[in-house]
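Below: the structure, in structure tokens.
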Amino acid sequence: MIKITNDNFDLDTEFKCVSSDTNGAYSFFLGTVRSDLSSSNKKIKGIYLECYEELALAQLKKIRSKALSSWKLNECLIIHRIGKLDLGEKIVLVITASSHRTNAIEACEFVIDSLKIDVAFWKFHLLDNDEKETVLQKNLDNEKMLKWKDIIN
Amino acid sequence: MIKITNDNFDLDTEFKCVSSDTNGAYSFFLGTVRSDLSSSNKKIKGIYLECYEELALAQLKKIRSKALSSWKLNECLIIHRIGKLDLGEKIVLVITASSHRTNAIEACEFVIDSLKIDVAFWKFHLLDNDEKETVLQKNLDNEKMLKWKDIIN
Amino acid sequence: MNITLKYFSWIRVKLKKSHDLIELNQTISFKEFKNYLISKDPVFQEIFDDKSVKYFLNLTEIDDDDQTLNNGDILALLPPVTGG
Amino acid sequence: MNITLKYFSWIRVKLKKSHDLIELNQTISFKEFKNYLISKDPVFQEIFDDKSVKYFLNLTEIDDDDQTLNNGDILALLPPVTGG
């Protein structure tokens with residue numbers, strides 16, 4: 001269950017997509033548009049998300065498969081939005097479902113960590129004067145990914 | 001935001017309670033009633049959750065405060081249901097909200113790990129013949145809690 | 001003086017009730033109170049022998065058997081918790 | 001033969017377009033193709049000098065500059081991703 005969409009999503013509706021009474025534990029990661037400063041230190045009023053959709057879908061599929069094969073998961077759902085988003089809006093949702101919580105929690109973190117550095121999405125900050133500023137990748141995200149090296153082949 | 005309730009809850013409604021554009025990252029843990037075998041190896045048809053409410057509220061408050069003081073969190077919500085629950089129903093929800101994901105994810109795991117061993121709730125399995133069987137605490141949950149020893153004072 | 005007892009989980013099931021109100025003539029230590037309960041109903045011996053059971057007096061865990069119980073106190077007998 | 005170029009993020013902004021269709025008379029290596037693009041527009045030099053840019057040919061990352069480009073290929077120029 002992988003979706004790239006312009007549309008907002010409802011958490012309970014998405015939960016129902018992966019819900020089953022063989023699961024006892026669900027871990028969710030939800031990323032939203034944070035009120036932030038642009039690289040030129042201006043207040044942002046939203047973001048614009050660009051995507052290479054064919055590639056992003058293939059990359060998300062690969063990450064999802066790795067999660068399902070590396071942890072005891074029953075399901076893994078990934079939704080990522082594209083286009084113009086206002087402050088506070090949902091950007092990305094990961095849900096992992098498992099019998100027991102540790103598998104769900106670890107796998108969910110792996111998926112969002114991987115998505116941050118390996119999937120063809122790009123953010124722009126939208127400024128008050130309707131200018132767009134490219135958001136740059138954080139080194140921290142690359143470093144954090146190293147922690148999964150021993151767990152994932 | 002701590003609730004002990006008989007009622008079901010909606011994930012999007014609860015998310016809105018902690019949502020703010022100062023947050024960019026939310027970690028959710030959702031526990032549900034898993035189709036399971038009782039200790040006498042019978043299929044369960046649901047659970048019954050008992051609670052010492054005054055104590056549980058005080059214990060949840062303490063865990064929530066520890067989470068807020070040990071990680072950079074903007075919010076932490078905990079909901080726990082009591083009473084009779086069918087297979088697949090929601091039992092417990094933890095949401096942590098932060099500017100960045102690592103704080104939210106770690107704190108959420110700490111809260112659910114703590115709740116499992118430190119809060120006055122007790123589960124019974126409901127069997128087909130309307131019998132109730134006490135659910136016993138897992139050693140694993142106590143062992144897992146040790147991992148937070150160095151992080152939390 | 002009155003002490004309220006609260007029972008949970010298997011203790012509640014074993015005793016077939018969720019609480020008791022015990023009337024006493026004078027203050028009493030927690031240790032003496034346990035012996036008093038055993039004298040009234042030997043099933044308490046089994047509960048007190050179970051090292052996993054915790055005792056909360058007015059929402060605070062008892063860590064000293066010599067602690068004094070006072071009028072109006074609420075004493076809860078708690079098996080290991082299994083929520084979440 | 002035709003090669004489709006796809007541009008994303010700051011590369012798209014810099015080139016002021018999201019894609020190009022390049023017509024060539026014969027197959028060409030990725031390395032030769034890069035030189036060809038620089039000869040047409042020097043701004044490509046800056047892009048190819050940026051070691052953080054990745055190149056995906058038909059959805060697979062290029063790891064060999066001598067790889068041959070064929071008719072109908074789609075070559076994407078990708079700055080470091082910033083989704084999530």
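Derivation of every value follows stated rules applied to the coordinates shown; laboratory data play no part. Source: prediction; values computed, not measured. Note: ideal-geometry Cβ built from the backbone for every residue, glycine included; neighbour counts use all protein chains shown.
Here are a few things to note about the model shown:
- Some residue of the range B:106-119 being over 25 Å from B:LYS16 (Cα atoms), among the acidic types (Asp, Glu) and either surrounded by 22 or more Cβ atoms within 10 Å (Cβ to Cβ) or in contact with a helix residue (DSSP H, G or I) (Cβ under 8 Å, 6 or more places away or on another chain) (or both): yes
- Odd one out for D:LEU69, checked against (1) within 14 Å of another protein chain (Cβ to nearest Cβ); (2) touching a residue at least 12 places away in the same chain (Cβ under 8 Å); (3) surrounded by 15 or more Cβ atoms within 10 Å (Cβ to Cβ); (4) touching a Phe, Trp or Tyr at 6+ places or on another chain (Cβ under 6 Å): (1)
- In the set (1) touching an Asp or Glu at 6+ places or on another chain (Cβ under 9 Å); (2) farther than 21 Å from B:SER99 by Cα, A:ASN103 fails one condition alone, (1).
- Counting the residues of the range D:41-66 that are within 14 Å of another protein chain (Cβ to nearest Cβ), in contact with a helix residue (DSSP H, G or I) (Cβ under 8 Å, 6 or more places away or on another chain) and free of Cβ contacts under 8 Å to residues at least 40 places away in the same chain gives 6.
- Among residues of the range A:107-153, those that are closer than 20 Å to D:TYR7 by Cβ and either part of a helix (DSSP H, G or I) or facing chain D (nearest Cβ under 9 Å) (or both), counted: 12
- Within the range D:1-13, the residues that satisfy the criterion of being touching a residue at least 24 places away in the same chain (Cβ under 8 Å) and over 12 Å from the mean Cα position of the chain (by Cα) are D:MET1, D:ASN2, D:SER9, D:TRP10.
- Where A:ASN41 falls short, out of the listed (1) touching a residue at least 24 places away in the same chain (Cβ under 8 Å); (2) under 27 Å from B:SER99 (Cα atoms); (3) of a type in the set (S, T, N, Q): (1)
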